[in-house]
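Have a look at the structure below before the remarks.
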Amino acid sequence: MEYRFLGKTGVQVSALSLGSWVTFHTQVGNEAAVDCMAAAYEAGVNFFDNAEVYAGGKSEEVMGYALKKLGWRRGSYLVSTKIYFGINEGVNEQNTLNRKRLIEGINGSLKRLEMDYVDLLYCHRADRTTPIEETVWAMHNIIEWGKALYWGTSEWPAADIIAAIEIAEKHHLHKPVVEQPQYNIFWRDRMEKEYARLFADYGYGTTIFSPLGAGLLTGKYQNGIPEDSRGALKGYEWLRGKFTDQDALRKVQQAGGKLQNALIQELIQDGRHGTPFNERQHNQLPRTTDHCPLTTAQPAVPAPPALCSGPVGGRGIRRQQPGQGEARGILHDLARGRIRPHPGQGISCRNLPRGPGPAAGEHGVLLPGAAGGRWFRGLEPARW
């Protein structure tokens, strides 16, 4: 796992973090959350994100339960949470960053998380009514009291962030150190343009949310809203417009092949994953009749017997005549770790139905695409 400094601070967080929005309590119960967090931690993730408003506070309770059961050293992980929206209705209890709301908010979050402090506390949105100076002083006091170690912003206008930094500097207070905006290929301007000066002039840090567009970029919504997806959940009806936007879905479909090929090209260029196949190279490639040995990652899903000449979990799997759908299934399983090749191997696909591909028995991976798929020799699917 790669670790990066959080803005200009000295604390390091994993490049990937585990967030709990929608999932914890709403889709994932206590024990499943324990398993998810344990798997992330074992993979090197040390950064776990939450917010008071997620599942009306229940998400923090689930994470608190998991952390207590897992019993990790407190110094080995970081937890962030966010305050603004609130979980109760009433004056001073929602949609504000006044001093009272912030103090009540952090006290409630710590109780639900069963923690003495959080590592990072975000102001979940900008407050157009509370003076920024009041918010900065309150966040400074929360840090001075030991209830949070750092504070940041989420979806704040750049001008407000700069104002908060300058107020803190003027009064020698704890400054905000990080912004959490939405950032994906459909939502780029704020991160790449509006915040450019923050990053260049102030060394402001950033984490991001919805890198996959809340799931839109996975392609799962191309044929409607799956029953087990967040788009079908009660209370999240407001997301359905995004998932059924035909223009967006068309762009996802068009971008899918380009993104996939771009990723592979990036992996190839770093010298670790072989070279792309094209027709001019076809006759130059070495021939082999060996199939790729595969091991199963638990839990494994057996492949259909008609497609295998060896047992799943045994010496390997030989795909004799994979069609486009079957090849896509191979990639799906590989991406999720349900099957994986031994280091340095690929999948031996034979007689690809269409598009440029290998001769019989060549090692590599078929990547489906608009042109009928591309064949990459020597690629290690387990690495991507």
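Odds and ends about this structure:
- Residues in the stretch 102-121 that are over 12 Å from Glu52 (Cα atoms) and either in contact with a strand residue (DSSP E or B) (Cβ under 9 Å, 6 or more places away or on another chain) or assigned to a helix (DSSP H, G or I) (or both): Ile103, Met115, Tyr117, Val118, Asp119, Leu120.
- Residues in the stretch 215-224 that are surrounded by 16 or more Cβ atoms within 10 Å (Cβ to Cβ) and either in a loop (DSSP other than H, G, I, E, B) or in contact with a strand residue (DSSP E or B) (Cβ under 9 Å, 6 or more places away or on another chain) (or both): Leu216, Leu217, Lys220, Tyr221.
- Flag if Gly231 is at pLDDT below 95, surrounded by fewer than 22 Cβ atoms within 10 Å (Cβ to Cβ) and part of a helix (DSSP H, G or I): no
- Scanning the stretch 140-172 for residues that are among the aromatic types (Phe, Trp, Tyr) and touching an Asp or Glu at 6+ places or on another chain (Cβ under 9 Å) returns Tyr150, Trp156.
- Residue match in the stretch 65-79 (condition: hydrophobic (A, V, I, L, M, F, W, C), assigned by TED's automatic domain parsing to the domain that holds Lys175 and surrounded by fewer than 20 Cβ atoms within 10 Å (Cβ to Cβ)): yes
- Gly108 under 24 Å from the mean Cα position of the chain (by Cα) and modelled with pLDDT of 95 or more: no
- Looking across the stretch 128-155, the residues that are in contact with a strand residue (DSSP E or B) (Cβ under 7 Å, 6 or more places away or on another chain) and assigned to a helix (DSSP H, G or I) come down to Thr135, Met139, Ile142, Ile143.
The values are calculated or read from the model by the stated rules, or taken from the named source; none is laboratory data. What you are looking at is a predicted structure, and each value in this text was computed from that prediction instead of being measured. With ideal geometry, Cβ positions are generated from the backbone for all residues, glycine too; neighbour counts draw on all protein chains shown.
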